[in-house]
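The values are calculated or read from the model by the stated rules, or taken from the named source; none is laboratory data. Given the structure is predicted, the values throughout are model-derived calculations rather than measurements. Backbone-built Cβ (ideal geometry, glycine too); neighbour counts: all protein chains shown.
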Amino acid sequence: MMAVETRKISVDTKGGTDVVDLTPQVSKIIKESKLSRGNATVFVSGSTAAISTVEFEPNLVKDIRKTLEKLVPSSAEYEHHKTWNDDNGHAHIRSTLVGPSLTIPFTDKKLHLGTWQQIALLDFDTRPRTREVTVQVVGE
């Protein structure tokens, strides 16, 4: 019989394209759930953060930051800044490009991630934040 379980993870970030490995927390949620197979959806609330998969390795994290800075520079002028008199237009655009959620299948209470693949929260905002991540597990 299909079931749904929903849990929250609170994550303190530094902002400035902070990349945080969520894999241990999501794996723990799967192991503690009553479900042995299904899908886990990981979703971050907020419009200046995103969820993706990465090889969570320090130099790749630096490469991600450099690449996003080239694609969507933080120093550029964005129309959004005029709306709220703030400085995070780039964070909203980066979040839109990466996306707020990810779905990962699991069986035998184990996520189907590649050897070098981790679940990552990317916080693009210009200041430290406490992010709320929802993990919803659907399966049997």
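From Leu60, Leu102, Leu121, grab the single residue that is under 30 Å from Met1 (Cα atoms) and of a type in the set (A, V, I, L, M, F, W, C).
Leu102
Out of the residues in segment 84-103 meeting the condition of being in contact with a strand residue (DSSP E or B) (Cβ under 6 Å, 6 or more places away or on another chain) and of a type in the set (S, T, N, Q), tell me which one is surrounded by the most Cβ atoms within 10 Å (Cβ to Cβ).
Ser95
Report every pair of residues separated by at least 6 positions or lying on different chains whose Cβ atoms are under 7 Å apart, first residue within segment 77-104 and touching a residue at least 40 places away in the same chain (Cβ under 8 Å), second assigned to a helix (DSSP H, G or I).
Close Cβ pairs (under 7 Å, with a partner that is assigned to a helix (DSSP H, G or I)) amount to His92/His80; Arg94/Leu68.
Scan segment 104-118 residue by residue and report those that are part of a loop (DSSP other than H, G, I, E, B) and either out of contact with any Lys or Arg (no Cβ under 8 Å at 6 or more places or on another chain) or of a type in the set (A, V, I, L, M, F, W, C) (or both).
Listed by number, the residues that qualify are His112, Leu113, Gly114, Thr115, Trp116, Gln117.
Would you point out which residue out of Val133, Val137 is surrounded by 13 or more Cβ atoms within 10 Å (Cβ to Cβ) and in contact with a Ser or Thr (Cβ under 6 Å, 6 or more places away or on another chain)?
Val137
Scan segment 76-91 and give yes if some residue there is under 16 Å from the mean Cα position of the chain (by Cα) and within 23 Å of Ser10 (Cα to Cα), otherwise no.
Checked against the condition, which is being under 16 Å from the mean Cα position of the chain (by Cα) and within 23 Å of Ser10 (Cα to Cα), segment 76-91 yields at least one hit.
Output the residues belonging to segment 9-25 that are within 28 Å of Gly89 (Cβ to Cβ) and surrounded by fewer than 11 Cβ atoms within 10 Å (Cβ to Cβ).
Ser10
Name the residue, out of Phe106, Phe124, that is touching a strand residue (DSSP E or B) at 6+ places or on another chain (Cβ under 9 Å), within 28 Å of Lys70 (Cα to Cα) and either among the aromatic types (Phe, Trp, Tyr) or modelled with pLDDT under 95 (or both).
After ruling out the rest, the residue left standing is Phe124.
Kindly indicate which of Thr41, Thr48 is in contact (Cβ under 8 Å) with a residue 60 or more places away in the chain and under 16 Å from Thr13 (Cβ atoms).
After ruling out the rest, the residue left standing is Thr48.
Which condition does Lys28 not pass, out of (1) over 17 Å from Thr126 (Cα atoms); (2) surrounded by 12 or more Cβ atoms within 10 Å (Cβ to Cβ); (3) touching a strand residue (DSSP E or B) at 6+ places or on another chain (Cβ under 9 Å), if it passes all the others?
(3)
Could you list, in sequence order, the residues of segment 21-48 that are under 14 Å from Arg131 (Cβ atoms) and either in contact with a Ser or Thr (Cβ under 6 Å, 6 or more places away or on another chain) or part of a loop (DSSP other than H, G, I, E, B) (or both)?
Those that are under 14 Å from Arg131 (Cβ atoms) and either in contact with a Ser or Thr (Cβ under 6 Å, 6 or more places away or on another chain) or part of a loop (DSSP other than H, G, I, E, B) (or both): Leu22, Phe43, Ser45, Gly46, Ser47, Thr48.
Do you know which of the residues in segment 105-128 that are touching a residue at least 24 places away in the same chain (Cβ under 8 Å) and polar (S, T, N, Q) is surrounded by the fewest Cβ atoms within 10 Å (Cβ to Cβ)?
Per the criteria, the residue is Thr107.
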